[in-house]
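The values are calculated or read from the model by the stated rules, or taken from the named source; none is laboratory data. Keep in mind it's a predicted model, so treat the numbers as computed, not measured. Glycine also receives a Cβ, built like all others from the backbone with ideal geometry; neighbour counts cover every protein chain displayed.
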Amino acid sequence: MCRECVHEFCKDRGTTCLETGVYYINLKGCVECSTRGELAKAECKREEDEDGAEEISFEHRCSKCDHVVAKHTYSFSVDDGYQEYSMQCGLCGTGSDSRSVLPDDPHRG
Ligand SMILES: [Zn+2]
Ligand SMILES: [Zn+2]
Ligand SMILES: [Zn+2]
């Protein structure tokens with residue numbers, strides 16, 4: 001991971017969880033070749049286990065010099081009737097969210 005190419009490293013994004021995509025506002029530019037706002041299209045790696053938990057990970061790389069700006073991990077799991085989402089990325093920040101899978105959420109009355 002690299003702290004030089006982003007404005008705020010691992011910014012707290014609250015409940016925002018991006019499965020894919022780039023938080024361009026936080027991208028300062030490539031420290032290696034000073035290219036700004038251009039990242040190569042990432043190849044997502046998707047892993048799923050038998051419990052239905054899913055993890056998607058990819059790298060944000062500079063489109064010019066292939067410098068790795070940040071690693072992006074998004075995970076999804078179902079736990080106790082709740083869908084849990086989380087995102088971890090030096091560029092996009094960190095976030096987590098959970099939603100009830102039931103139509104009536106007991107925590108919302
Ligand atoms: Zn960098
Ligand atoms: Zn670069
Ligand atoms: Zn990211």
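What's the number of the condition residue 51 fails, among (1) within 16 Å of ligand 1 (Cβ to nearest atom); (2) surrounded by fewer than 18 Cβ atoms within 10 Å (Cβ to Cβ)?
(1)
Run down 13, 3, 61 and say which single residue is more than 29 Å from residue 101 (Cβ to Cβ) and in contact with a strand residue (DSSP E or B) (Cβ under 8 Å, 6 or more places away or on another chain). Reasoning before the result, please.
Numbers: 13 fails: more than 29 Å from residue 101 (Cβ to Cβ); 3 fails: in contact with a strand residue (DSSP E or B) (Cβ under 8 Å, 6 or more places away or on another chain).
None of the others qualify; the one that does is 61.
Among the residues of the range 6-42, what is the count of those that are more than 16 Å from ligand 2 (Cβ to nearest atom) and farther than 21 Å from residue 83 by Cα?
Adding up the residues that qualify gives 8.
Table: residues versus (1) within 14 Å of ligand 3 (Cβ to nearest atom); (2) among the β-branched types (Val, Ile, Thr); (3) over 14 Å from the mean Cα position of the chain (by Cα); (4) modelled with pLDDT of 95 or more.
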| site | (1), (2), (3), (4) |
| --- | --- |
| 20 | yes, yes, no, no |
| 26 | yes, no, no, yes |
| 30 | no, no, yes, yes |
| 36 | no, no, yes, no |
| 40 | yes, no, yes, no |
| 45 | yes, no, no, yes |
| 54 | no, no, no, yes |
| 69 | yes, yes, no, yes |
| 75 | yes, no, no, yes |
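Return the pairs, sorted by first residue and then second, in which the second residue is charged (D, E, K, R) and part of a loop (DSSP other than H, G, I, E, B), the first residue lies in the range 3-15 and is within 10 Å of residue 94 (Cα to Cα), the beta carbons are less than 6 Å apart, and the residues are 6+ apart or on different chains.
Matching pairs, first to second residue: 9/3.
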